[in-house]
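Down below is the structure, laid out as structure tokens.
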Amino acid sequence: MNKKGGAWNASTIDGSRKRLNGILQNELYAGRIIGNRQRFIKGPETGKRISRENPREQWMTAEAKDLHAHEGNRSL
């Protein structure tokens, strides 16, 4: 059950391998905090905020063993 009392969606659990979201893909649940993964720009046509991934060498990581919930994606 989710916080609203409904069923979880598959995307909540599995997430996206490319975006590294969802419980199984998110490094936070493996005990690692990753910052600076993305930046936001304004779309030239709509003025809306658009996310763009930063290069992996710009990502900042820190261990957070107290948040460890599963083994996670060890390829990073």
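Rule-based calculations on the coordinates, nothing more; no lab input. Everything numeric here is computed off the predicted structure, so don't read it as measured data. Cβ atoms come from the backbone with ideal geometry, glycine included; neighbour counts cover every protein chain shown.
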### Message
Can you match volume of the Cα convex hull per residue in Å³ to one of these, (i) 132; (ii) 114; (iii) 178, based on a calculation from the structure here?
### Response
(i)
### Task
List the relative contact order of the chain as a percent without decimals, with contacts defined as Cα pairs under 8 Å and 6+ residues apart.
30 percent
### Query
Gain in length, ILE23 to ARG39, computed as 0.36 nm per residue apart minus the alpha-carbon separation, to one decimal in nm?
3.6 nm
### Task
Obtain the nm distance between the two label points defined at ARG52 and ASP66 by a simple spin-label model: each point lies 7 Å from its Cα along the Cα-to-C-beta direction.
3.7 nm
### Query
Any idea what the dipole of the chain comes to, in debye rounded to 20, about its Cα centre with Lys/Arg Cβ at +1 and Asp/Glu Cβ at -1?
340 debye
